[in-house]
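See structure below.
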Amino acid sequence: MRVLVPLATKQVVGIVQGEHVGALEYVRIREIIAVLDDMPIVTREQLRLWRWIADYYMCPIGDVMAAALPAKIGDKSYSFSAVKKRRVHLPEYTGEIEPFHELDAQQAQAFGEIKTSWQKQDTTLLFGVTSSGKTEVYMHLIREQLEAGKQVLYLVPEIALTTQLTDRLQRVFGEQVVVYHSRVTDGLRAEIYRQQLYAQPRLIVGARSAVFLPFRELGLVIVDEEHEPSYKQQDPAPRYHARSAAIILAQMYGAKVLLGTATPSVESYYNTQTGKYGLVTMGERYAGLQLPEIRLIDLKRQYHRKEMYGHFSDPLVARMQEEIGKGKQVILFQNRRGYAPMMECEECSQSPKCVNCDVPMTLHLRDHRLTCHYCGYTIPMPQSCPHCGGKMKIHGFGTERVEDEVREFVPEAHVMRMDLDSTGKKSAYQDIINAFSRHEVDVLVGTQMVSKGLHFDDVSLVAVLNADNLFNQPDFRCYERAYQLLEQVSGRAGRKGNRGEVLIQTFDVKNPLFEYVLAHDYARFYASQIAEREQFHYPPFCRMITIMLRHKELTRVNRAAADLQRLLSMVFGKRCSVVIEPGISKIQNLHIRTIQLRIEVRANYARAKQMLQQQIAAIQQNQEYKSVQILCDVDPL
Ligand code: ADP
Ligand code: ZN
């Protein structure tokens, strides 16, 4: 229960975590002014999970609590008695189901194998190619759990929480389905949270924060698209990974975990190879459908021969016209939003940068503005160079420009764009998906949003306009990300009827990544990656913690970082890498320095974190560094 206690001159709300009998030393005891709840609002298991997250991810338990409890849980209208009055009984699971598909042979085999593997391991990875019917397998597993009187938590990345999925589940499980994510109103979140405290078995479909809900009879946790980086919370703390939290949550209830994906994360697949997780595969698409045919288009050659329309190669334009002519739909992927990532002066080659952040500003031609994608700072589009008055040119291209070029080169097509800018309003994302599903639009242009688990019957062609910026990144995971994106976006093609087609435009046709992508050969891709990670000592062959220091004065953050780094290298030796100036060294007027710590897999991780915490505390003792923010990101992505 929540209680009101005095702290200094204020009264603050706290949560009772337990009882203590006997004397307490070195602790000041305070009186409880008032008990705020009519019933406990947190279960023992939740407290255990919060404590695990706080310890593992090195943050105060208060931060976890703030992330876990719905904002309105303290409102009178969401008290236990108020909610109970509105709905005392929840609908019982009747076992009555409308359209439930029989599993095909491959799915039935996977279903059996998953259950066998759960006899040995609590966590199993279902590696099923796009459109193999993983969701159908989940539904059969869910039915079993509900029939046995258990709850199921079904986690999906925020962006995949469309009505495509929830409608499908609601059609089968009716009122048993509860949807919980950040677009659900604060009031409904509080209502759902309360109901969960005394709930009957039910199916909770949610984004990562659903791991914080109270459960009673949890039997199964499904983590769909387990490879999705958005399962890791970046800012603010707790910087937790929902996949790891889900596994811990399941352990507390003796529940099983199923991780599902068409493109396993290197870490999870590694865990299947070491025997930590079970592995079940589905290598074929449902109903004998073939995986799409992928072709590369050599941009070097295309530009050389002048066979380009803007950023579209001749063959791409031709294929788009053919498919649209046949009444099919096309998806175009470009992983940059805006019109162009920057403007540059033809004379002095300077690019207008954000005043608050160390990044060039993106051109949004629709609004005639340059905007910073990190802080939102925006200025009117300059007519001439602000430094020398020279002529400005546009550099590179984003989704807006792709949209404009489609209108120009394939004028018969109806085009729509899906990215952060076009989906700003609450329902916009769903509206675009609905319009595309109803085939009111021929071409959908978008960022990675278009790659996330969507299902459109009429898409026959998918194109990637420039694959190179996917893997030209200074990050050891960039190939993994690139493989996942290319395979996932390809998976949107040909999900019904004829075989789909994918065109990838690149200046780097010889890049080995494409060999694996063209052959849909995850196993070889994985082998190449794991060998590299072992050679260069990256996870899963070590553990990583990134320490980030932020301050508005550059010299101060530099000194603090250097001092901390010196302390850490005395404790951790050369495993602690030097102070790195990150790719973007200033965001919202705070200068950023990072230190990367690599810890041997054999070492005691908890102990290492303790030693790290001690060194950070030592730095913070220094009066000069009191105002420097020091954050830890454990297992960063
Ligand atoms: P995945 O989750 O692996 O991408 P889905 O579960 O979405 O694949 O299945 C792809 C399509 O095939 C969906 O339209 C689904 O309804 C259909 N499908 C899959 N399995 C079956 C089945 N056993 N019976 C009927 N339709 C199925
Ligand atoms: Zn900015």
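What do you get when you divide the Cα radius of gyration of the stretch 458-539 by 2.2 N^0.38 Å, with N the number of residues?
The value comes to 1.17.
With every protein chain left in place, what is the accessible area of E532 in Å² (1.4 Å probe, nearest 10)?
90
Report, by chain and number, residues whose modeled amide H sits under 5 Å from the one on D37, excluding near sequence neighbours (fewer than 5 apart, same chain).
R2
Return the long-range amide H neighbours of I222 (sequence gap of 5 or more, or a different chain), with a cut-off of under 5 Å between placed amide H atoms.
Answer set, sorted by chain and number: L153, Y154, L155, L258.
What do you reckon, how do R44, R477, R499 stack up by accessible area (1.4 Å probe), largest on top?
Most to least solvent-accessible, the answer reads R44, R499, R477.
Note down the nm distance, to one decimal, between modelled labels 7 Å out along Cα→Cβ at D457 and at D235.
Here the answer is 4.4 nm between the modelled labels.
Could you work out the mean projected area of the convex hull around the alpha carbons of the chain, in square nanometres to one decimal?
Quarter of the Cα hull surface area: 32.3 nm².
What FRET efficiency, computed as 1/(1 + (r/R0)^6) with R0 = 45 Å and r the Cβ-Cβ distance, is obtained for F80 and A618, rounded to the nearest 0.05?
Given R0 = 45 Å and the Cβ-Cβ separation, E is 0.50.
For the chain, give me the percentage of DSSP beta bridges that are antiparallel, rounded to the nearest 5 percent.
Among the beta bridges of the chain, antiparallel pairing accounts for roughly 45 percent.
Leaving out ligands, DNA and RNA, what percent of the accessible area of the stretch 508-637 is carbon and sulfur, probe 1.4 Å?
Here carbon and sulfur together make up 52 percent of the probe-accessible area.
Taking a virtual spin label 7 Å from the Cα of T274 along the C-beta vector, which residues in the stretch 98-120 bring their backbone nitrogen under 20 Å of it?
It comes to 118, 120, nothing else.
Please compute the per residue accessible area over the chain with all protein chains in place, 1.4 Å probe, rounded to a whole number of Å².
Counting only protein heavy atoms, the per-residue value for the chain is 46 Å².
How large, in percent, is the carbon and sulfur part of the accessible surface of the stretch 108-180 at a probe radius of 1.4 Å?
Roughly 46 percent of what the probe reaches on the stretch 108-180 is carbon or sulfur.
Just to confirm a number: summing +1 for Lys and Arg and -1 for Asp and Glu over residues other than L141 whose beta-carbon lies under 13 angstrom from that of L141, what do you get?
After counting each charged neighbour, the total is 0.
In the stretch 94-161, which GluC sites (Glu not before Pro) fall in coil by DSSP and have 15 or fewer other Cβ atoms within 10 Å?
E96, E102
Given a 1.4 Å probe and every protein chain left where it sits, what share in percent of the accessible area of the stretch 370-504 is carbon and sulfur?
That fraction is 49 percent.
Which distance in nm do the two modelled labels at R30 and Q200 give, with both placed 7 Å along the Cα-to-Cβ direction?
Taking the simple label geometry, R30 and Q200 are separated by 4.2 nm.
Å³ per residue of the Cα convex hull, for the stretch 482-628?
So the per-residue hull volume is 179 Å³.
Within the set K452/K496; K353/K426; K120/K256; K300/K510, which residue pairs have Cα atoms separated by over 19 Å?
K353/K426, as the Cα separations exceed 19 Å there.
Hey, what number do you get for the chain at 222 nm if only DSSP H runs of n ≥ 4 count, each worth -39500 (n - 2.57), divided across all residues, to the nearest 500?
-10000 deg cm²/dmol
What nm value, rounded to one decimal, do you get for the distance between E440 and Q588 when each label is placed 7 Å out toward the C-beta?
My value for the distance between the label points is 3.6 nm.
Test of understanding: what is the full-extension gain from H304 to E553, defined as 0.36 nm times their sequence separation minus their Cα-Cα distance?
That pair, H304 and E553, stretches by 84.8 nm at full extension.
Which residues does a label at R607 reach in the stretch 523-561, if reach means a backbone N under 19 Å from a point 7 Å past the Cα toward the Cβ?
The answer is 542-545.
The values are calculated or read from the model by the stated rules, or taken from the named source; none is laboratory data. Keep in mind that what you see is a predicted model, and the values were worked out from it rather than measured. Backbone-built Cβ (ideal geometry, glycine too); neighbour counts: all protein chains shown. Quick note on the areas: whole protein, heavy atoms, side chains included, nothing else; ligands and nucleic acids left out. Shrake-Rupley method; radii C 1.70, N 1.55, O 1.52, S 1.80 Å.
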